[in-house]
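The values are calculated or read from the model by the stated rules, or taken from the named source; none is laboratory data. Since the model is a prediction, treat every value here as computed from it, not as a measurement. Reconstructed Cβ throughout: ideal geometry from the backbone, glycine too, with neighbour counts over all protein chains shown. These area figures cover heavy atoms from the full protein model, side chains too; ligands, DNA and RNA do not enter into them. Shrake-Rupley method; radii C 1.70, N 1.55, O 1.52, S 1.80 Å.
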Amino acid sequence: MAYAVLVRGFVGGGLTDVKRLENGDLRARMPRFQPGNIEKNLDLRAKLEAFAKSKGATLTQLSIAWPIAMGARAGVFVAAIPGSKTRAHLEENVKAADLKLSDADLDAIAAIAPPGAAAGSRYPDGQMHRLNV
């Protein structure tokens, strides 16, 4: 099961600066959204956005379709769990089912964003030990 495939709203493009995070926003404490990391991750997002556009899709749709396609390539079923706060976002998410990614597409995505490409850890150090337990 692919969890938080939209990276807590990051791939949708709304977040461009950590200073825009409101008080109480969980992301304000996450390393990937901190100064020094967010700038690198915004650059990575822009590259993935350009690839998505070349496929006639949004980055949101690519972010949902990618883990499903990776699972299919490995011979396993993967379900992606995107969050949606609006009907428009839900409709955009559903269109990810129409995006078919070839092995060449998956290789291109891996070249843009190989494992470990995101700057900063997923959670603060005190929480990382709880993953995959």
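Quick notes
- Of residues in the stretch 106-123 being open to solvent by 50 Å² or more (accessible area, probe 1.4 Å) and assigned to a loop (DSSP other than H, G, I, E, B), the one modelled with the highest pLDDT: Pro114
- For the stretch 15-30, a residue qualifies if it is exposed (fewer than 13 other Cβ atoms within 10 Å of the Cβ), in a loop (DSSP other than H, G, I, E, B) and free of Cβ contacts under 8 Å to residues at least 12 places away in the same chain, and the qualifying residues are Glu22, Asn23, Gly24.
- Qualifying residue in the stretch 69-92 (condition: under 13 Å from Ile112 (Cβ atoms) and touching a Phe, Trp or Tyr at 6+ places or on another chain (Cβ under 8 Å)): no
- Members of the stretch 59-82 found to be of a type in the set (Gly, Ala, Ser) and open to solvent by less than 40 Å² (accessible area, probe 1.4 Å), listed by number: Ser63, Ala65, Ala69, Gly71, Ala79, Ala80
- Which numbered condition Ala65 fails, given (1) over 21 Å from Gly13 (Cα atoms); (2) among the aliphatic types (A, V, I, L, M); (3) in contact with a helix residue (DSSP H, G or I) (Cβ under 9 Å, 6 or more places away or on another chain): (1)
- Hey, Gly56 of a type in the set (Gly, Ala, Ser), at pLDDT below 95 and surrounded by fewer than 19 Cβ atoms within 10 Å (Cβ to Cβ) or not: no
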